[in-house]
1. Rank Tyr164, Tyr174, Tyr87 by mean-square fluctuation in a GNM of the chain with C-alpha springs under 10 angstrom and give only the top-ranked residue.
2. Using the Kirkwood radius built from alpha carbon pairs, what does the Stokes-Einstein equation give as D for the chain at 20 °C and 1.002 mPa s, in µm² per second?
3. Work from the charge dipole of segment 33-237 (Cβ charges, +1 for Lys and Arg, -1 for Asp and Glu, about the Cα centre) and give the residue of Trp111, Ser33, Val210 farthest towards its positive end.
4. What list of ³J(HN,Hα) couplings, whole Hz, do you get for segment 158-165 from phi and the Karplus terms 6.51, -1.76, 1.60, once you set θ to phi - 60° and write x for glycine and proline?
5. With a 1.4 Å probe and every protein chain kept in, tell me what percent of the accessible surface of segment 43-162 is carbon plus sulfur.
6. Given 0.36 nm per residue, what is the gain on full extension from Tyr62 to Leu189 after removing their alpha carbon distance, in nm?
7. Show that you can apply the helix-only estimate: for the chain, add -39,500 (n - 2.57) for every DSSP H stretch of four or more residues, divide by all residues, and state [θ] at 222 nm to the nearest 500.
8. Out of His216, His197, His149, any idea which swings most in a Gaussian network model of the chain, alpha carbons joined below 10 Å?
Amino acid sequence: MLPYDSLEGAESLLGRNLTVVERLWFSYSAHKSDYILYTHNCLFVCLVFCLVPLPWALVELYWFDAVDRFKLQPRVKRSFRELFKCYKDALHQIIFVVVPLTTVSFPVLEWVGIRTSLPLPTKWEVISQLIVYFLVEDYTSYWIHRFLHGEWGYEKIHYMHHEYNAPIGFAAPYAHWAEILILGIPTFLGPAMVPCHMTTLWLWSSLRQVEAIETHSGVIVATNKPLKKLKEQVKKHLE
């Protein structure tokens, strides 16, 4: 909740006029608790999951031949029934694992120092923070993923994520509850190291979800030679 009673009070404290975006933020968030603002992440994750994979799903169903040469596993074609089952399975994990974990993690958010007050972050502040978050997440996720592909990690936890053995965007969040918890650490580690504004956290959570969906889409845009080599490596791994 913002520590101002009015727009005039915010402008007086900041010593300048509010921008249009800051006025909109004040109007929206002034009477909402920080907890309510934080739980908006649940809505954004659900929206991203429901909307972003749709183009890939439509391509899979109706224009498969047109993108066949860009698919890592071109011989695997999903039916509508298979896609819908994957969608339901992953949505179940989001509703019953991701959402509860988000709602109970608010005390950590407060401890880290994610702010909701004015002023809003500048464009360059947001960009620089996002760069840090992507680097931290990518590095830590790599090592966690290696652990999950070890004998114990795979048999006890990671096996569930590979029930869909051909990449598909809807399967990105489909995983064991323990894996969702563990891989949530790299996502939150960046903001914990470099605290940001709540709006930046919303953006980061959404972009991270988009990245995961794109990574699991099974489609890669590359020149023929690298793509052919990559397909051969995937085929060899599957055999």
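The values are calculated or read from the model by the stated rules, or taken from the named source; none is laboratory data. Owing to the predicted nature of the structure, the values given are computational and were not obtained by experimental measurement. Reconstructed Cβ throughout: ideal geometry from the backbone, glycine too, with neighbour counts over all protein chains shown. Heads up: the accessible areas ignore ligands, DNA and RNA and are worked out on the full protein's heavy atoms, side chains in. Shrake-Rupley method; radii C 1.70, N 1.55, O 1.52, S 1.80 Å.
1. Highest fluctuation among the options: Tyr164.
2. Numbers: Rh = 20.0 Å.
Estimated diffusion coefficient is 107 µm²/s.
3. Val210
4. Once θ is set to phi - 60°, the couplings for segment 158-165 become 6, 3, 5, 5, 9, 5, 9, 7 Hz.
5. 68
6. Values: separation 127, 0.36 × 127 = 45.72 nm, distance 3.97 nm.
So the chain would gain 41.7 nm between Tyr62 and Leu189.
7. Working: 14 runs with 157 residues, N = 239.
Rounded to the nearest 500, it is -20000 deg cm²/dmol.
8. Fluctuation is largest for His149.
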